[in-house]
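*Asks:* Next up is a structure, given as structure tokens.
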Amino acid sequence: MWVFKLLSSVIVLVICCQLTFKVSAADEFSYIGAVAEYHPVLTGDNGTEIANENAKNFITMMAKAAEHNADIIVFPENGLTVGFTYSKENRTMYPSFSTFLPDDNAHVPCKNSETVVIEALQSLSCAAQNYSMYVVINLMEMKKCNASETESHGCPSDGLFFYNTNVVLDRNGTIISRYRKFNLFAEPGVDVTSTADVASFTTDFDVTFGHFICFDILFKEPALTLVKDYNITDIVYPTHWFSEMPYLTTLQVQASWSYANDVNFLASSFNNPSSGSGGSGIYAGKDGHLITYWPEYSSNALLVATVPKLINGERNVSLVSSTSALYYAFNDSEISTLVGLEVIPQRLFAQENLTLFTTSELDFVNGTTEISKEVCNREFCCSFHVNSNFANESVTETSKYYKYRIAVFNGIRLYPGIGTGGIQVCSIISCTDATLESCGTRFAVTDDVVAATVFHSIVISGNFSTDADMAQMPSSLTTDILPLNPSDFSYSAVDYENSTDRSIVYNLTSSTSNLLTFAIFGRNFSGDWKEEIVIEEPTESPTTGASAGVHVPYSSIAVAITFLVAMWQ
């Protein structure tokens, strides 16, 4: 009896504590969003212990978010159930690092003796109750095959499906939504559904969120479907991204996608500098970045921001001020996953293969230079107008400073370890020397780099297709590995009458001396997931750095698969 009375007292105390938290109302014009930049527990043979330790750290972050009345918090891809080795042939370790999930979206794992979920998810369900916030968690889901699935698309030999899955808890700790990743990246042995889930959930503060995971952001299904077919205005996004220059670094992609689709975007990243992973942010589409975080080093941090709701196509941006966003770094006594880690002086990046791009050096002379050029690649042409100033007196033979090239591409590229993707790019990119091989790389953070070139304006324009298999977005990157804020550029897309073409103009409107990338980045989804690619020699000969036609069999990227999977561990 005394145990029951004590438990009742605890429940009453928890309820009282919940009442002290301020929650955003349905009729308010904003809500409080939080995202975690998290370096998880990565080693160990016991998946349960690893998940429990990560859950404990998640709860520490939730407690901090609750101090700022967060309505919703997002945790990264692979942040909870992590530490196993991916293998298509041997999945014996998978079950101990996975969880079953209930079939219905009305299940409360907290203190539920009959629940099928792992202890870590039970703890997080209770924390969602205690701190009265929505929680987005990514984990490895385990599901038994049933007869219909066996008949439709085959059952694995171990009788189980394993999915990379988002789970959403509401303020009561109830599982209200899930999403199974559709576009996998170097995840052998992980299953996908026969069609992409279109996952969303509606909150008590009258915002409906869509969600997807990491690599999904570069594909039509389900990411663009949520926005274009279901009119979703807010996205929660767990990610474990491997940054690649010059077009696909973490925050660069997040900001570009948020802007192009004009959605509020809450991105939480797995932090691991040794594999180029990390970078979290909260964005308000075309109204700018609310808060971004990109460390060179291992880090555990929380980002919190007031997010203006998108109502009838508009945000009340007056709600956003210097005090409406904050960043909090956890020390080792609060979260100890960084203790004993080797210090990585500079985050490692992958590099795009630019050899099949048409490129042209931007040859700046001392003082102000105006350059106008049209550059084409495989019958796709882009126009460039550049106004810049080069300070010749600031450089010597030994000075380190960025050089620049125009780079244009229209075709199919490899995603390392995965497959293919169609892209169309009009860009100006930086190089560390005069060679094409140096483009898409950067100087060391310890180097003394001279900012010799100041871009006063850049105008890039091109004709792109309005076909449903095509999508475009503005893409930028500075030497701080941050995207430009929308206040620094203009971007317009105008569809031609009686045509399937659109004119896109991307204009740098603020002078900058720290530019790495300024690009219109387009995707052609019809070029995705090819078993092999055959690229013919471009009809327009590249100015420099081009190769002849190339045939790349899918098997040739096995080395890249091994490399990326090894980095993930």
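Read the figures in this text as sums done on the coordinates, not as results from a lab. All figures in this text were calculated on a predicted structure; none of them were measured in a lab. All Cβ positions, glycine included, derive from the backbone under ideal geometry; neighbour counts span all protein chains shown.
*Asks:* Using DSSP to call loops (not H, G, I, E or B), can you name the chymotrypsin sites (Phe, Trp or Tyr not before Pro) in the stretch 465-522 whose Cβ has at most 15 other Cβ atoms within 10 angstrom?
*Replies:* In loop regions of the stretch 465-522 (DSSP not H, G, I, E or B), the sparsely surrounded chymotrypsin sites (Phe, Trp or Tyr not before Pro) are Tyr496.
*Asks:* From a point 7 Å beyond the Cα of Ser511 in the direction of its Cβ, which residues of the stretch 371-396 have a backbone N at a distance under 12 Å?
*Replies:* Of the residues in the stretch 371-396, 388-391 have backbone N under 12 Å from the label point off Ser511.
*Asks:* How about the stretch 378-435: which GluC sites (Glu not before Pro) there lie in a loop by DSSP and see at most 14 other Cβ atoms within 10 Å?
*Replies:* Taking the stretch 378-435 and a limit of 14 other Cβ atoms within 10 Å, the loop GluC sites (Glu not before Pro) found are Glu379, Glu397.
*Asks:* Going by average Cβ neighbours within 10 Å, how do the peptides 127-134, 191-198, 295-302 rank, with the highest at the top?
*Replies:* Taking the mean over residues of other Cβ atoms within 10 Å, the ranking is 127-134, 295-302, 191-198.
*Asks:* A further question follows. Using mean Cβ contacts within 10 Å as the protection proxy, how do 162-175, 50-63 order, highest first?
*Replies:* 162-175, 50-63
*Asks:* Under the classification rounded if a/c is under 1.5, otherwise prolate if a/b is larger than b/c and oblate if not, where does the stretch 138-255 fall, given a ≥ b ≥ c as square roots of the Cα gyration tensor eigenvalues?
*Replies:* Verdict is oblate for the stretch 138-255.
*Asks:* To the nearest 20 debye, what charge dipole does the stretch 29-90 have about its Cα centre, counting +1 at the Cβ of each Lys and Arg and -1 at the Cβ of each Asp and Glu?
*Replies:* So the magnitude is around 80 debye.
*Asks:* Which residue, Phe265, Thr203, Ile232, has the largest displacement toward the positive end of the dipole of the stretch 181-296 when charges sit on each Cβ (Lys, Arg +1; Asp, Glu -1)?
*Replies:* Phe265
*Asks:* Right, here's the next one. How much length, in nm to one decimal, is gained on full extension between Val494 and Glu342, taken as 0.36 nm per residue of separation minus their Cα-Cα distance?
*Replies:* Using 0.36 nm per residue and subtracting the Cα-Cα distance, I get 49.7 nm.
*Asks:* Classify the stretch 33-329 from the C-alpha gyration tensor, please: rounded if a/c falls under 1.5, else prolate or oblate depending on whether a/b exceeds b/c.
*Replies:* Rounded, because the longest to shortest axis ratio a/c is under 1.5.
*Asks:* Here's another thing I want to ask about it. List the residues of the stretch 411-452 whose backbone N lies under 13 Å from a point placed 7 Å from the Cα of Thr398 along the Cα-to-Cβ direction.
*Replies:* 448
*Asks:* If a/c stays under 1.5 just call it rounded; otherwise compare a/b with b/c (prolate if a/b is bigger, oblate if not). Do that for the stretch 62-216, with a ≥ b ≥ c from the square roots of the Cα gyration tensor eigenvalues.
*Replies:* prolate
*Asks:* Turning to a different aspect of this structure: In whole Hz and in residue order, list the ³J(HN,Hα) couplings for the stretch 349-356 that follow from phi through the Karplus curve 6.51 cos²θ - 1.76 cosθ + 1.60, θ = phi - 60°; x for Gly and Pro.
*Replies:* 10, 7, 10, 5, 7, 9, 5, 9
*Asks:* Moving to a separate point now. Report, in deg cm²/dmol and to the nearest 500, the calculated mean residue ellipticity at 222 nm for the chain, where each DSSP H run with n ≥ 4 adds -39500 (n - 2.57) and the sum is divided by the residue count.
*Replies:* Mean residue ellipticity, 222 nm, calculated: -4500 deg cm²/dmol.
*Asks:* What is the magnitude of the charge dipole of the chain about its Cα centre, with +1 placed on the Cβ of each Lys and Arg, -1 on the Cβ of each Asp and Glu, and no other charges, expressed in debye to the nearest 20?
*Replies:* 860
*Asks:* For the chain, return all DSSP H helices satisfying: extent of Cα atoms along own axis at least 20 Å; mean Kyte-Doolittle hydropathy at least 1.0.
*Replies:* Qualifying helices, which must be both long enough and hydrophobic enough, are 2-19.
*Asks:* Report the relative contact order of the stretch 33-329, percent, no decimals, based on alpha-carbon pairs under 8 angstrom and at least 6 residues apart.
*Replies:* Once divided by the residue count of the stretch 33-329, the mean separation gives 19 percent.
*Asks:* Using Cα pairs closer than 8 Å and at least 6 residues apart in sequence, work out the relative contact order for the chain, in percent.
*Replies:* Computed value for the chain: 13 percent relative contact order.
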